[in-house]
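K.L.:
Structure below; questions to follow.
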Amino acid sequence: MAELLGTEDTLFVPSGTMGNLISGIELSEIHVMCHCSERGAELLVGDESHIHLYEQGGTSQLAGVHPRTLMTLPDGTFDLNELEYKICHNYPDPHYPRTCLICLESTHNMKGGCVLPLSFFKEIRTIADKYKLAVHLDGARLLNAAVSLNIQPSEIVQYCDSVMMCFSKAVGAPVGSIIGGSKDFIQKAVRMRKALGGGMRQVGVLAAAALEAMSDAMERLKADHLNARRFAEGILTFSSPLLSIDLTTVQTNIVKFKVEDTRISPEEFCKSLQTVTEADTSSRSERVAVLMSPYPSGRVRAVWHHQVSAHDTDLTVQKVKYVTEKYKTQLLTS
């Protein structure tokens with residue numbers, strides 16, 4: 001795995017959240033006080049990143065590392081001028097924290113699986129080196145990014161000091177993630193994993209499943225990307241005014257579309273997709289229940305993985321069309 005990621009060493013962890021937290025703690029220590037922890041250090045992170053929104057503020061809660069947010073742009077990047085401006089230039093004035101870490105995410109979950117371009121990674125590395133900062137990549141879906149760019153994961157990771165990659169998302173393993181970095185970093189991460197409750201004697205069994213999933217992951221992810229695109233283009237074929245989708249954002253295995261009529265909430269739309277009625281099955285032999293997630297601002301999120309085939313994707317398009325037509329009829333008669 002270290003060779004795949006292009007790092008000196010790697011470590012299995014139970015979850016991506018633990019992997020990101022360990023990396024945040026360790027990189028803060030390594031780059032703040034010669035391998036000693038400094039509570040109150042600062043990291044820079046996108047305001048719509050998974051680390052900032054969905055990991056319970058663990059860097060602050062457990063590591064004592066203060067996050068400073070950058071506005072996430074539509075493609076998952078952020079403005080480099082804002083980044084450079086928000087680096088704390090007043091340290092060691094006792095009024096200020098010391099900026100120690102920049103966190104990136106690719107593919108970007110909240111931006112519909114957008115892939116950060118390599119040029120952005122290069123620019124981030126240049127700024128990080130200029131100010132002696134570390135770079136951590138939340139690469140939960142790193143393989144999706146590599147497949148989309150048609151490169152090896154190591155070509156992305158080369159611009160980062162550490163990386164976390166998830167085995168249990170698109171890769172399809174039952175559980176687990178991996179973090180990669182220097183040998184010194186991983187040695188410290190082993191101790192931190194133990195302190196956080198992740199030092200499991202059974203890890204070999206879990207890692208074996210992850211290795212099996214990795215054996216053909218890159219090829220399977222290509223199929224996931226094609227099916228996600230197939231779905232997005234399928235929605236456009238019936239051009240309902242109730243739904244809108246931006247094909248430029250469909251880059252990997254995540255599709256987000258918008259329910260335009262505010263009388264229909266994303267939660268209600270998703271519930272209808274999960275419900276199977278007699279009328280729904282009258283025109284086809286298969287009973288179709290589709291699981292999607294409601295998101296803010298009227299959006300719905302769909303994610304493809306190795307258990308969703310091209311045939312399943314076509315059935316999903318039909319189901320979305322059926323639900324959309326049902327709502328159109330209801331709204332016209334209401």
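K.L.:
From the list 171, 115, exactly one residue is within 30 Å of residue 246 (Cα to Cα) and buried (at least 23 other Cβ atoms within 10 Å of the Cβ). Which is it? Lay out the reasoning, then the answer.
P.N.:
On the way: 115 fails: buried (at least 23 other Cβ atoms within 10 Å of the Cβ).
The conditions single out 171.
K.L.:
Which one of 268, 325 is assigned to a helix (DSSP H, G or I), over 31 Å from the mean Cα position of the chain (by Cα), more than 30 Å from residue 142 (Cα to Cα) and among the charged types (D, E, K, R)? Even if it seems obvious, please write down each step before you answer.
P.N.:
Values: 268 fails: over 31 Å from the mean Cα position of the chain (by Cα).
So the residue among 268, 325 that is assigned to a helix (DSSP H, G or I), over 31 Å from the mean Cα position of the chain (by Cα), more than 30 Å from residue 142 (Cα to Cα) and among the charged types (D, E, K, R) is 325.
K.L.:
Let me ask something else. Give, as residue ranges, the strands (runs of 3 or more DSSP E) completely inside the stretch 121-202 that count at least 1 residues that are free of Cβ contacts under 8 Å to residues at least 60 places away in the same chain. So that I can check it myself, show each step before the final result.
P.N.:
Details: elements: 134-138, 162-166, 177-181.
Filter on the stretch 121-202 gives 134-138.
K.L.:
Right, next: Looking at this structure, is residue 257 in contact with a Ser or Thr (Cβ under 7 Å, 6 or more places away or on another chain), within 23 Å of residue 2 (Cα to Cα) and among the aromatic types (Phe, Trp, Tyr)? Walk me through it before giving the result.
P.N.:
Working: in contact with a Ser or Thr (Cβ under 7 Å, 6 or more places away or on another chain): yes; within 23 Å of residue 2 (Cα to Cα): no; among the aromatic types (Phe, Trp, Tyr): yes.
In short, no.
K.L.:
Does residue 223 qualify as being in a helix (DSSP H, G or I) and either within 24 Å of the chain's Cα centre (by Cα) or small (Gly, Ala, Ser) (or both)? Break it down into steps so the answer makes sense when it comes.
P.N.:
Details: in a helix (DSSP H, G or I): yes; either within 24 Å of the chain's Cα centre (by Cα) or small (Gly, Ala, Ser) (or both): yes.
Yes; evaluated as a whole, the condition is true for this residue.
K.L.:
Counting just the residues of the stretch 268-306 that are modelled with pLDDT under 85 and of a type in the set (Asp, Glu), which one comes out farthest from residue 252 (Cα to Cα)? Steps first, answer last, please.
P.N.:
Initial filter on the stretch 268-306 (modelled with pLDDT under 85): 277-287.
Filter again for of a type in the set (Asp, Glu), leaving 278, 280, 286.
Values: 278: 34, 280: 30, 286: 27 Å.
Looking at the filtered set, the residue picked out is 278.
K.L.:
Here is a further query. Quick one: is residue 97 open to solvent by 10 Å² or more (accessible area, probe 1.4 Å), in a strand (DSSP E or B) and at pLDDT below 95? Reasoning before the result, please.
P.N.:
Details: open to solvent by 10 Å² or more (accessible area, probe 1.4 Å): yes; in a strand (DSSP E or B): no; at pLDDT below 95: yes.
The answer is no for residue 97.
K.L.:
Here's another thing I want to ask about it. Among the candidates 222, 183, 188, 194, which residue alone is open to solvent by 50 Å² or more (accessible area, probe 1.4 Å) and closer than 11 Å to residue 11 by Cα?
P.N.:
Values: 222 fails: closer than 11 Å to residue 11 by Cα; 188 fails: open to solvent by 50 Å² or more (accessible area, probe 1.4 Å); 194 fails: closer than 11 Å to residue 11 by Cα.
The conditions single out 183.
K.L.:
Based on what the data block shows, is residue 69 modelled with pLDDT of 90 or more, open to solvent by 30 Å² or more (accessible area, probe 1.4 Å) and under 27 Å from residue 202 (Cα atoms)? Write out each step before concluding.
P.N.:
Details: modelled with pLDDT of 90 or more: yes; open to solvent by 30 Å² or more (accessible area, probe 1.4 Å): yes; under 27 Å from residue 202 (Cα atoms): no.
In short, no.
K.L.:
Quick one: count up the residues across the stretch 85-134 that are farther than 22 Å from residue 74 by Cβ and of a type in the set (Val, Ile, Thr).
P.N.:
Here is the first cut: in the stretch 85-134, the ones farther than 22 Å from residue 74 by Cβ are 87-101, 125-126, 128-134.
Narrowing further to those that are of a type in the set (Val, Ile, Thr): 87, 99, 126.
Selection size over the stretch 85-134: 3.
K.L.:
Hey, can you tell me all the residues within the stretch 78-94 that are open to solvent by less than 60 Å² (accessible area, probe 1.4 Å) and closer than 19 Å to residue 49 by Cα?
P.N.:
78, 80, 82, 83, 84, 86, 87 - these are the residues of the stretch 78-94 that are open to solvent by less than 60 Å² (accessible area, probe 1.4 Å) and closer than 19 Å to residue 49 by Cα.
K.L.:
Pairs, please: C-beta under 6 Å, at least 6 apart or cross-chain, first residue among the aliphatic types (A, V, I, L, M) and in the stretch 246-266, second in a loop (DSSP other than H, G, I, E, B)?
P.N.:
These pairs meet every condition: 254/112; 254/113; 259/298.
K.L.:
Being over 21 Å from residue 220 (Cα atoms), modelled with pLDDT of 95 or more, open to solvent by less than 10 Å² (accessible area, probe 1.4 Å) and among the small types (Gly, Ala, Ser) is the requirement here; does residue 128 meet it?
P.N.:
Working: over 21 Å from residue 220 (Cα atoms): yes; modelled with pLDDT of 95 or more: yes; open to solvent by less than 10 Å² (accessible area, probe 1.4 Å): yes; among the small types (Gly, Ala, Ser): yes.
Judged against the criteria, residue 128 is a match.
K.L.:
Also, quick follow-up: Assess whether residue 230 counts as being at pLDDT below 90 and on the phi < 0 side of the Ramachandran plot.
P.N.:
Numbers: at pLDDT below 90: no; on the phi < 0 side of the Ramachandran plot: yes.
For residue 230, the condition - at pLDDT below 90 and on the phi < 0 side of the Ramachandran plot - is not met.
K.L.:
Test residue 261 against the criterion of being of a type in the set (D, E, K, R) and in contact with a helix residue (DSSP H, G or I) (Cβ under 9 Å, 6 or more places away or on another chain), and give yes or no.
P.N.:
Details: of a type in the set (D, E, K, R): yes; in contact with a helix residue (DSSP H, G or I) (Cβ under 9 Å, 6 or more places away or on another chain): yes.
When the stated conditions are applied, residue 261 passes them.
The values are calculated or read from the model by the stated rules, or taken from the named source; none is laboratory data. Because the structure is a prediction, the values reported are computed rather than measured. Glycine also receives a Cβ, built like all others from the backbone with ideal geometry; neighbour counts cover every protein chain displayed. Surface accessibility is based on the protein's heavy atoms, side chains included, excluding ligands, DNA and RNA. Shrake-Rupley method; radii C 1.70, N 1.55, O 1.52, S 1.80 Å.
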